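Novice: Here it is, the structure in full.
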Amino acid sequence: MLTQGEHDRAPDARRLAAVRATGLLDAPADPVLVRLVELTASLLRAPAAQITLVDEDRSVRVASTGLELVGAAVPSQPIEAAYCRLVMEGDTEAMITDTATDPRAQRIRPGSGGTVRAWAGAPVRSLDGLTLGSLCVLDTRPRAWSADDSQVLVALAHAVSAEVALRTASRREDDARARADFQATLLRATHEATLDGVLVVSPEGRTLSWNTRFQRIWGIDDIALESGSDDVALASVLRNVVDPEAFVARVRALYADPVASRDEILLRDGRVLDRYGTPLYGEDGTYHGYCWFVRDVSVERTAQQALEAGEERYRSLVSALTNEVWRATPDGELLTDMPAWRAVTGQTEAELLGRGWLAGVHPDDRDRVADAWSEAVRTAGTYEVEYRICGIADNSHARTLEVRGVPLTHHGTVTEWVGVYTDVTDQRASAAAERRLAALASAAAESTRVLQEVTAALSGAVSTADVMAVILANGQVVLGASGGGVAIRDGDRVRYEVLTGYSADVKASWAVLLDGRRHPRHPRDPHRAAQLRLLRGGPARLLRGQRAAARLRRDLG
């Protein structure tokens, strides 16, 4: 609801708009209005007359005659100092017989009253009755204005009002025409600049408007379009369409029931057209015709098909490589779901995002991984790390991942992280198995080498002592022992046949030992267990050694 002050200002805002709409403020004097003020001064036998319009706070002279004779030739003055204020306040004609004695004149105190002694004015109005200003006459001597004078002044003010209204209407018409010309120019420029071919067809089936691009897309000549017949234009189009029957049926259906439509048209030359149509309705609901927009999207469709094929290849490649691609924010918060990860850890997608994925990292690796990721985010460096993930409930089903990520930057600022992780559990297990096999193969090769050396040594042995010496020497190497010996049980005694790697004193002390008695340990020998293994076996091992030596001598001939 308007306040009292706003209510009072609303009509004045309309009046000010009407004053500005005349185009007379601060403009050269209009010849017709000058002729009217001259006529007014003549009929009322006054030396001067003028037409003024009042804006917010000024009384502006727009046409005048004889003002230099009365000393009031200023082009404008504050409304408080202008006699036309009486007309504006009373909204009717006003007359002063003698400015020297009339209290109203004393209140106004014109800034440049000159020699004006008598004044009369009548309102100049707009067509809707708003007071725009006044038509007034001025005299240098006191004057008693008659009723006839008043009637003549009011009649001439009406003539001025009519001329001002005519000028306002003409100006509005000029403005409207200029706006229409601009809009038409803008429409034509837009019509031709658009990437779409445009055709407008009337409800009666006549071509109303089209642009050059429409002609180029369809290859239609000027004659077909300028004929004004949509049927002629349609016939020119059909020779390019892959399915002309469906094309015509669609057009006829939309003309019969005008609704918005969109479809794609395949042409015989391989091009693809995106066709959009819309009915044209006026504000009152009147149907004015149908507008077609056609765009050649062949390049876009080819690019889209290539992109879709590339995406499909990418998805297939990722699936084949058992990799998963991930993305993260510049500050390291995971953005993408990783279903294969969740299948191992048992996490939900919501639990995974952000930094939640760390809960799925094996507890023994978690701190190391978190530190590596934080450091990569801080330095915007490459992120490369290998770690295990497992079930978050019981650390089960551990899998080993190889993870790599890089930051994407724009003008030196990280905009996103992208990366990929690869499940390398099977590769790592295969590598470990290969290492074990290699170790076994190396051990087998070493055993073969030792066996070959023993065999070669035994081939040259001619006595039991020689055979025992070969066996002891190689046994020491294999077991890492510092000495060895062969003993034969004789009743409750043990007699050493061969002792190697020991001093003469030790050999003498070990010559004969009672059964069950522990032999003295060599003070420098840490491999007592190896020595004991060599002492076990007695005659049976010696016999097997002798037989082996005999067989080797036979084989070697």
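Novice: Counting only other residues whose beta carbon sits under 12 Å from that of Ala398, what net charge do I get with K and R as +1, D and E as -1?
Specialist: My count for the surroundings of Ala398 gives -1.
Novice: Same structure, new question: How many angstrom separate the Cα center of the stretch 117-149 from the Cα center of the stretch 243-292?
Specialist: Here the two parts' Cα centres lie 66 Å apart.
Novice: Take peptides 173-185, 370-382 and line them up by average Cβ neighbours within 10 Å, highest first, as a rough protection proxy. Intermediate values should be presented prior to the final figure.
Specialist: Details: 173-185: 10.2, 370-382: 13.9.
Packing proxy ranking, top to bottom: 370-382, 173-185.
Novice: Once Lys and Arg get +1 and Asp and Glu get -1 on their Cβ, which of Phe293, Leu195, Gly205 lies farthest toward the positive end of the dipole of the stretch 194-300?
Specialist: Leu195
Novice: Mind listing the long-range amide H neighbours of Asp102? Cut-off is under 5 Å, sequence gap 5 or more, other chains count too, H placed in the peptide plane at 1.01 Å from N.
Specialist: Correct list: empty.
Novice: Still on this structure: Just to confirm a number: summing +1 for Lys and Arg and -1 for Asp and Glu over residues other than Leu199 whose beta-carbon lies under 12 angstrom from that of Leu199, what do you get?
Specialist: On the way: positive: Arg206, Arg213, Arg275; negative: Asp196, Asp230.
Counting the neighbours of Leu199, the net charge comes to +1.
Bear in mind that the values in this text are calculations on the coordinates, not laboratory data. Worth saying up front: this structure is predicted, and the values here are computed from it rather than measured. Positions of Cβ are generated from backbone atoms using ideal geometry, with glycine treated the same way; all protein chains shown enter the neighbour counts.
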